[in-house]
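To start, the structure itself, in structure tokens.
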Amino acid sequence: MSQRTERRGIHVDQSDLLCKKGCGYYGNAAWQGLCSKCWREEYQRVRQKQIQDDWALAEKLQREEEAAYASSHGVQTQSTTPPQPGHTSLGPFSKFEEKKTNEKTRKVTTVKKFFSPSSRTASKKETQEGKTSPSISRHASFDTDQVSKDFVEFLKNLQKPGREIHKQCRAFLVNMSSKKDLGADELSECVQDFYQNLADRQMTHFKGSSESVEQVMDQVEKYIMTRLYKSVFCPETTDDERKDLATQNRIRALHWVTIQMLCVSMDEEIPEVSENVVKAITDIIEMDSKRVPRDKLACITRCSKHIFSAIRITKNEPASADDFLPALIYIVLKANPPRLQSNIQYITRFCNPSRLMTGEDGYYFTNLCCAAAFIEKLDAQSLNLSPEEFERYMSGQASPRWAGVAATNPVLAQLNHNLEQLSSISSRQEKVMEAAQSLQADLLSWTESVQREVNDILEKYPLTCTVSAIDANNIDNDNLPPPLTPQVFAG
């Protein structure tokens, strides 16, 4: 009989939760049934294929542009030669053709620079000379390049202060590239000090406008942390990875926890509630795919809002804080988010402190930390269970969901009763065997102790026996009294 569990409101076998690649780890529906490792490999494969397709498309566009340029160049050459007798000049149309040709030439040059290996080699050489971005960005992905472009476009609106901010950010990245050997706490202090100093300068520039400063700091955080992500997320100097595995195994062991045990005010039988639960699970899982702390916090906020919506639909009234935390714990147990502890530590270390200390993002993040701590220390008392029931559920000997199904079917109820009786008999037999083995050990030790005591007494008080004949003639027996003789008395 296969053990069953519930995932996103659907009863499935444990084998259905395993990774489709057959690696033995649990898969996730949000990752197409793959585990985190296989999903990353699949993502890298798809991404590499997309890059190859982009290269092929770029080469095709380059050939078309070169052909267009060649044909247009021929027209331009004819238009720039002196007009022959009998021919009329193109007039203003020649200037239009020349402008159009120049634009196509610039496009071709841009495509060549963007995709040509020589441009990447030159960029790498400039980086080594210290003229461009630091070594962290040598192998930057397309997303990192896009973030850099967006950051530059944002700073253009600030004019002179924008150039100063960009200069400071580049200098900070160069400085951080030489501090790879520092621990996570030291790296966090460097980033937080940079945030604080830059925010103080911007507060002076914007004359106390906190909204403008917050917008600038959000963009700075996005630019800085996108480039530092690979070196500061789950660093080798910490035990974040070990905590991730411990938390993941703990949540797997608690797969039997039901919504009733946590006293969650959500009814998944309602379609709208079930939909919000699925969205909340998706958002909390998506958190691991983000690089910027602010984006990770946004995933937590969206997840929390879906939870509030599910509670509100169930209760037909606004949800309270007392309703929210148990529901968040239930969502975390169902989702089992990848690298939960690493993401929490990453946000704590490198997020803009003003965002964590104020606003709804900070509130929801604090509740997520409380949920993770509750799961680590969850015991029988937390779920209003007896220690025996908790141990049976943890060991897989019983399941609360199986008991709930058996209550509605007499045959299953009898089967469940028989299983409980067998389990009880088995436990009693184990206790009897333990007692018998203990008694046997006591008897052996008692026998040995008695033998030791007898030997000690014999050694201390040895026995000596003297044998003599009672009727022998012995002069030493003269002093003995005479033998008794019978006497007869007359009646």
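The values are calculated or read from the model by the stated rules, or taken from the named source; none is laboratory data. Predicted model, so just to flag it, every value in this text is computed and none were measured. When we count neighbours, we look across all protein chains shown, and the Cβ atoms used for this are built from the backbone with ideal geometry, even at glycine. Ligands, DNA and RNA are stripped out before the accessible areas are found, and what is left, the full protein with its side chains, is counted by its heavy atoms. Shrake-Rupley method; radii C 1.70, N 1.55, O 1.52, S 1.80 Å.
Taking the criterion of being without any contact (Cβ under 8 Å) to a residue 40 or more places away in the chain and either touching a Lys or Arg at 6+ places or on another chain (Cβ under 6 Å) or over 25 Å from ARG227 (Cβ atoms) (or both), the residues of the stretch 259-301 that qualify are GLN260, GLU269, PRO271, GLU275, ASN276, LYS279, ASP283, LYS290. Modelled with pLDDT under 95 and open to solvent by less than 40 Å² (accessible area, probe 1.4 Å): does that describe ALA298? Criteria not met by ALA298. With the structure loaded, tell me whether VAL332 is within 27 Å of TYR393 (Cα to Cα) and assigned to a helix (DSSP H, G or I) or whether it fails that test. Answer is yes for this residue.
Of the residues screened, TYR364 is one that is within 15 Å of ALA298 (Cα to Cα), of a type in the set (Phe, Trp, Tyr), open to solvent by less than 30 Å² (accessible area, probe 1.4 Å) and touching a Ser or Thr at 6+ places or on another chain (Cβ under 9 Å).
Is it the case that PHE350 is closer than 30 Å to ALA298 by Cα, in contact with a helix residue (DSSP H, G or I) (Cβ under 6 Å, 6 or more places away or on another chain) and open to solvent by less than 20 Å² (accessible area, probe 1.4 Å)? Considered against the rule, which asks whether it is closer than 30 Å to ALA298 by Cα, in contact with a helix residue (DSSP H, G or I) (Cβ under 6 Å, 6 or more places away or on another chain) and open to solvent by less than 20 Å² (accessible area, probe 1.4 Å), PHE350 comes out as yes. With respect to the conditions (1) part of a helix (DSSP H, G or I); (2) open to solvent by 20 Å² or more (accessible area, probe 1.4 Å); (3) small (Gly, Ala, Ser), ALA280 falls short on a single one, namely (2). In the stretch 1-55, the qualifying residues are those that are out of contact with any helix residue (DSSP H, G or I) (no Cβ under 7 Å at 6 or more places or on another chain), among the aliphatic types (A, V, I, L, M) and modelled with pLDDT under 75, and the one that is farthest from GLY396 (Cα to Cα) is ALA29.
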